[in-house]
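The values are calculated or read from the model by the stated rules, or taken from the named source; none is laboratory data. For clarity, every value in this text was computed on a predicted model and none was experimentally measured. Neighbour counts are summed over all protein chains in view; Cβ atoms, including those assigned to glycine, are modelled from backbone coordinates with ideal geometry.
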Amino acid sequence: MPPPRRASRRCAGDRGQTIAVYIVAMAALFFLAFAYFAVGQASVTRNGAQTAADAAALAAAREYRDEVGADFLKALTAGDLTALGNLLTGLGPDDGAACSAAGSFAGDNDADVRSCQRVSGPPGYTVGVRTRGTVGSSVIHGTQDLHATASATAVVEPRCRAGDKDGHAVRFTCDGGDLTVDPTAAGFLLDLADFYSVHLSK
């Protein structure tokens, strides 16, 4: 009878070891699953930061472009080809409105502007942002306090060159073809998007 009892104790010990190994393995799998989830959370937060940076940079560049609207219309109405040429190649000084627009658009995307700098050649703005939200709590220590940051640059480039005049109309040579504009025509509205391209710079 003693041998069976020894066999029973040995089987019970094997079962105990198997259960312990199973528990450790399951714990490791759960940890990995939660770790992957944390990585996913971080990726979503990072993508949100990049979206906010892109929107803020584009907003700054558009605002910078739109600041020349009054001068462009004045030169167009006067048929001043020299002034139009200068406006197409150099937009002018920065009055702070561009970075203000960047802050507004970053806020709309739940982020704050950390830096906003004008760039040249072609002119534009590089904007850095930080998300207001964090990655959130996870099995990885510190993620509850981790904000995502990102930056983007948007530039303004001329699409046209001033050509010649025909009465009140001014002819432009643009990348999409020739464009003739008569500022005295009924219902005329100046659209600077016809003359400038605003886009993200890689």
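Among the residues of the range 166-178, which ones are part of a strand (DSSP E or B) and either under 36 Å from the mean Cα position of the chain (by Cα) or within 15 Å of Leu73 (Cα to Cα) (or both)?
Ala169, Val170, Arg171, Phe172, Thr173, Cys174, Gly177, Asp178
Sort through Ala102, Ala49 and tell me the only one that's aliphatic (A, V, I, L, M), at pLDDT below 95, in contact with a strand residue (DSSP E or B) (Cβ under 6 Å, 6 or more places away or on another chain) and assigned to a helix (DSSP H, G or I).
Ala49
If the Cβ limit is 7 Å and pairs must be 6+ apart or interchain, which residue in the range 102-130 that is touching a residue at least 60 places away in the same chain (Cβ under 8 Å) and more than 17 Å from Ala148 (Cβ to Cβ) pairs with which residue that is basic (Lys, Arg) and surrounded by fewer than 21 Cβ atoms within 10 Å (Cβ to Cβ)?
Filtered contacts from the range 102-130: Tyr125/Arg118.
Return a yes/no flag: does the range 17-30 have any residue that is surrounded by 11 or more Cβ atoms within 10 Å (Cβ to Cβ) and either modelled with pLDDT of 95 or more or within 30 Å of Arg132 (Cβ to Cβ) (or both).
The answer is no; no qualifying residue exists.
When Phe105 is evaluated against the numbered criteria (1) over 23 Å from the mean Cα position of the chain (by Cα); (2) of a type in the set (Phe, Trp, Tyr); (3) within 18 Å of Arg62 (Cβ to Cβ), which criterion, by number, is the only one it fails?
(1)
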